[in-house]
Structure formats: structure tokens, C-alpha cells
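The values are calculated or read from the model by the stated rules, or taken from the named source; none is laboratory data. This is a predicted model, so every value here is computed, not measured. So basically every Cβ, Gly included, is an ideal-geometry build from the backbone, and we count neighbours across all protein chains shown.
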Amino acid sequence: MTPEQYCQEKAARSGSSFYYSFLFLPGEQRQAITALYAFCREVDDVVDEMREPDVARRKLDWWREEIDRLFAGTPTHPVGRALLPAIERYNLPQEHFREIIDGMQMDLDYDAYPTFTELSLYCYRVASVVGLMAAEIFGYEDRRTTRYAHDLGMALQLTNILRDVREDAMRGRVYIPMEELNRFGVEPGELTLPQASDRLKSLFDFQARRAHEYYDRAFQRLPEVDRHAQRSGIIMAAIYRTLLDEIEADGFRVLERRIRLTPMRKLWIAWRTARREKRRQSRREHP
């Protein structure tokens, strides 16, 4: 199995919405973003699948060393080898890879976040940094596109937090700021209950509105000239925002069940969004 095949299997096996957004990219970009996604999955799995925190820390340290080897041109892991052409072809800073690992380690260091300020650092490291590197792979002409990528990463991560709130709480991790739990009169233990009270639903509604604000802000910052190049990010946003809409339409019953979109629906959203962006690009080029 080649490094590229390893990454492709890692991405496809995850069933992530991100996978569907990669389908409409040219070959070199698709390989680069798939390798980046596989890296994120590898370091995320270290934290999620290892029960011993000390072992997980050592494994994350190994990945820090692998990033050093990658930028020295001598990676050993299949993901590192698949990333080598990407860091040579695109502007992917070494520090960004280290930030992602640091973000994953926050799951070992923190089980809750006092305020949204502290949570924002976590979201930046595990999502916005990935968005910034994805923007480099997709390409852009206007530097404002990096601000879009940052805010879109925040929006996607906040959507994940709301979707997975009970699953995370059962693992002992609370990603809704404690300050906001207190504001709505919610105890952390209530996030593990099988049904949401009105107080919890109000808290979840607040989280959803914040995520929507980040989606809106991201697209306000995306220059028209870069929309076509960034269409994979736009596809991700369309899928995740549909998920967020479904959570709202279901009455925020995220403690009762995990809201999902079927693979066919994700593919439909991806195809429809890609088609819409292609038409938009055509109108811009041929008014």
C-alpha cells in the first residue's frame, strides 16, 4: 500500500463530511488535502483511542518528532511520506502542524473550559489551523481569504461540539464553557442525561446561534475572486450547516440521539454546492 492509498483509506473509512468535499478537487490538491486530513485523524485517534494519558502524550511527542522529520525530508510514517510533496508544493508551515498536535494534547490537559476565550484557543488549534492550511492547498489571491478560513474552522468545530455534546460528556470532556453553563443554570452532569431540559435546550440554542455567526462572518470575509478556488471549504460549510439546521429543526435533542446526515445526502449537498459555485464562477468570468 502506498502512502497515498493509506491516507485515502483513512479518509474514506472515517465517513467524515470532509471526505465528500475532496471529491471535486484536482488530483494534486486532493492528495494533499487527504494527507492533511489523515494526519489530523491520526493525532486525534491518539487521544480518543488510548486510555492511558501518559501513553497518549508519548505518542503525541512521537508525532512532533515525525513533523520534524517531515520538514527535514525524512518522514517515516505513511502519512508523513504522503505529506512530503504537499509541504514542498504548498505553503504549509511546520508550526501549524505543531499547533494541531498541541490542540489534541489539550484534550489530555483539560476536561472543561472556563470561558469561550479558552475554548477559542482549542478550536483555533484543532480546526482553524486546519482551515488555514486547507486554504493554502486550495489557493487564493486575496489575503482576506485566510480570515474566512479561520472563521469557517471555528464554525465547523462549534457545530461538532454541539452534535457530540453528550458523547464528549460521557468521556469526561465538556466543550461548552463553564461560564455559559452557569448562565443557563446547567450542571455539567446534565450533559450526560438522555433527555434535555428546557434550560439545556436554551443553552444549545445559544451555541447554535454562535456557530451560525461564525458561518456568516466567514462568508462575509471570503472575497469573490477566491470562491471557486475555495469551493471545497464551501462544500464543507454547506454540509455542516445543514447538520446544524437539522439539530435545530429536531429541537436540540442531541442528548437523545446523534444527528447524522446520510452519505447519499452529503454527496448530494456536495454535488449541488459544487455545481452552484461553478455557475457563479462562470457568471463572474462571463457577465
Quiz item: Of the residues that make up the range 75-84, is at least one surrounded by fewer than 16 Cβ atoms within 10 Å (Cβ to Cβ), closer than 26 Å to L191 by Cβ and either under 22 Å from the mean Cα position of the chain (by Cα) or without any contact (Cβ under 8 Å) to a residue 12 or more places away in the chain (or both)?
Solution: no
Practice problem: Hand me the list of helices (runs of 4 or more DSSP H) wholly inside the range 129-206 holding 1 or more residues that are within 30 Å of V225 (Cα to Cα) and of a type in the set (D, E). | Solution: 129-138, 144-163
Exercise. Working only within the range 230-253, note down all residues that are in a helix (DSSP H, G or I) and free of Cβ contacts under 8 Å to residues at least 40 places away in the same chain.
Key: A238, T242, D245, E246, A249
Exercise. Name, by its number, the condition in (1) closer than 22 Å to E256 by Cα; (2) within 14 Å of the chain's Cα centre (by Cα); (3) in contact (Cβ under 8 Å) with a residue 60 or more places away in the chain that does not hold for V165.
Key: (2)
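From the list F206, F219, which residue is closer than 30 Å to S282 by Cα, of a type in the set (F, W, Y) and either exposed (fewer than 15 other Cβ atoms within 10 Å of the Cβ) or touching a helix residue (DSSP H, G or I) at 6+ places or on another chain (Cβ under 8 Å) (or both)? Give the derivation first.
Values: F206 fails: closer than 30 Å to S282 by Cα.
When all the criteria are applied, what remains is F219.
Kindly establish whether R276 is among the charged types (D, E, K, R) and under 21 Å from R221 (Cβ atoms).
Values: among the charged types (D, E, K, R): yes; under 21 Å from R221 (Cβ atoms): yes.
When the stated conditions are applied, R276 passes them.
Which residues, counting only those in the range 170-186, are on the phi < 0 side of the Ramachandran plot and modelled with pLDDT under 95?
First, the residues of the range 170-186 that are on the phi < 0 side of the Ramachandran plot: 170-171, 173-184, 186.
M170, R171, R173 - these are the residues of the range 170-186 that are on the phi < 0 side of the Ramachandran plot and modelled with pLDDT under 95.
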Quiz item: A249 is checked against (1) modelled with pLDDT of 95 or more; (2) within 23 Å of R147 (Cα to Cα); (3) exposed (fewer than 13 other Cβ atoms within 10 Å of the Cβ); (4) not β-branched (V, I, T) and fails just one. What number does that condition carry?
Solution: (2)
Self-check item: Contacts under 6 angstrom Cβ, first residue in the range 57-71 being in a helix (DSSP H, G or I), partner among the polar types (S, T, N, Q), 6 or more apart
Solution: L60/Q105; F71/Q94
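Restricting to the range 202-231, what's the tally of residues that are small (G, A, S) and at pLDDT below 95? Quick ask: steps written out before the conclusion?
As a first pass, look at the range 202-231 and keep what is small (G, A, S): 202, 208, 211, 218, 229.
Filter once more, keeping what is at pLDDT below 95: 229.
Final tally of qualifying residues: 1.
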Quiz item: Within the range 240-287, which residues are hydroxyl-bearing (S, T, Y) and either under 21 Å from the mean Cα position of the chain (by Cα) or closer than 24 Å to G153 by Cβ (or both)?
Solution: Y240, T242, T262, T273
Quiz prompt | Residue count, the range 168-203 (criterion: over 14 Å from V254 (Cβ atoms), in contact with a helix residue (DSSP H, G or I) (Cβ under 6 Å, 6 or more places away or on another chain) and loosely packed, with under 14 Cβ neighbours inside 10 Å) | solution = 1
Practice problem: Of all residues in the range 254-287, count the ones that are surrounded by 14 or more Cβ atoms within 10 Å (Cβ to Cβ) and assigned to a loop (DSSP other than H, G, I, E, B). | Solution: 5
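Consider the range 15-33. How many of its residues are part of a helix (DSSP H, G or I) and within 13 Å of the chain's Cα centre (by Cα)? Outline the logic, then answer.
Within the range 15-33, the subset part of a helix (DSSP H, G or I) is 17-22, 27-33.
From the residues that got through so far, the ones that are within 13 Å of the chain's Cα centre (by Cα) too are 17-19, 21, 33.
Selection size over the range 15-33: 5.
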